[in-house]
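Each remark here refers to the structure printed beneath this line.
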Amino acid sequence: MVADTGDRSGGKNRYSLSEHGFTAPNLEPALYIVSTPIGNLGDITVRALQTLAAASVIACEDTRVTATLTQKFSLKTPLLAYHEHNADKQRPKIMRELEAGNAVALVSDAGTPLVSDPGYRLVRDVVAAGYKVIPIPGASAPLAGLVAAGLPSDTVLFAGFLPQKNGPKTKRLEELARTPATLIFFESPHRTGATLSLMSDVLGETREAVVARELTKRFETFERGTLAELSERFADQTVKGEIVILVGPPEEKPDADAEDLDSLLQEALADMPVSKAAKQVAKATGLDRDEVYKRALDLKSGS
């Protein structure tokens, strides 16, 4: 049910900022996707505060986390726990609020909702029911990391969290290896070193990369270097805080012609099995690994 952070009587649509009180304007009925700070509470926007103050309810991942924000800015709007594990139960309550002509605000624990979380299902249901969805932009860890990384930002692919197990993680990185874009990942601090090592193996040792930690917070840091350098730097390091890994796009390599490919494969096949030879040559030439593997099988069989 709705958990109220305070008495709304006399405080409807009210919020405070820098010890000054304000009254927010009423909102049209809609689902509002509200970005909240990722660390520094000073990153909240005035529009976000007005929206949170005037909404009939704030749907949030963890009421305890969001209560820290609402208390900081004297917000009295009721909180409704809404997350992956209770979504089926809570979604009808949100829909009833919209049916009643109310405004509902959706927030995550930090940053922009729906970025690497399953909130899109609620948005789809709201749109299908004919209600408006209004974004309230603000803080976002991927964008904060990108603009300070010094990596190309014209084409970007946000890949979220990689699979935890090495097999699926390797496969996913192989799928992304030739993507002509800066790649952005979230990662757990205790897996950062191992992930950087695997990235170095799969994406290439010389790829430029940045590890951004604790963005907007007191101990914000940016570690820059090649994947090989970062892998070595983080190998035995105890990492704390939230991590964003950014990997620059692959270097453009000239296409190898058929004769060059066969020569490289024959040289590799002399010392290693087909799969390893194909992987090495594909990595060196930038060619599709599956195509290189098929050619390696042909050469091995004498076709």
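Helix 192-203 and the longest principal axis of the Cα set of the chain meet at an angle near 50°. Structure remark: mean-square fluctuation, Gaussian network model of the chain, C-alpha springs under 10 Å; the largest value among Q71, Q50, Q266 belongs to Q266. For trypsin sites (Lys or Arg not before Pro), the sites in the range 85-140 that DSSP calls loop and that have at most 16 other Cβ atoms within 10 Å are K132.
Once you have the Cα-Cα distance between T170 and K132, take 0.36 nm times their residue separation minus that, and quote the gain in nm to one decimal.
9.7 nm
Strictly greater than 23 Å: what percent of every Cα pair in the range 14-139 meets that? Here the tail beyond 23 Å accounts for 23 percent of pairs. Segment S16..Y120, full-extension length gain: 34.4 nm, with 0.36 nm per residue of separation and the alpha-carbon distance subtracted. If you take the alpha carbon atoms of the range 124-271 and fit the smallest convex hull around them, that volume is 179 Å³ per residue. Here the Karplus relation 6.51 cos²θ - 1.76 cosθ + 1.60, evaluated at θ = phi - 60°, turns the backbone of the range 126-131 into coupling constants of 5, 5, 4, 7, x, 9 Hz, with x for every Gly and Pro. For Cα extents along the principal axes in Å, the candidate list reads (i) 66, 47, 35; (ii) 84, 42, 30; (iii) 70, 53, 40; the entry that matches the value derived from this model is (ii).
Would you mind calculating the relative contact order of the chain from Cα pairs under 8 angstrom and at least 6 residues apart, reporting the percent as a whole number?
Relative contact order for the chain comes out at 15 percent.
Sticking with the crude label model, points 7 Å out along Cα→Cβ, report the distance from A235 to D290 in nm, one decimal please. Distance between the two pseudo-spin positions: 3.5 nm. Spread over its residues, the convex hull of the C-alpha atoms of the range 258-301 is 57 Å³ per residue.
The range 175-219 and the range 60-99 have their alpha-carbon centroids 32 Å apart. At full extension, D260 and V274 could sit 3.3 nm farther apart than now, given 0.36 nm per residue minus the alpha carbon distance.
The numbers here are math on the coordinates, done by the rules we state, and not lab data. All values derive from a computational prediction rather than experimental measurement. Neighbour counts run over all protein chains shown; Cβ positions are idealised from the backbone, glycine included.
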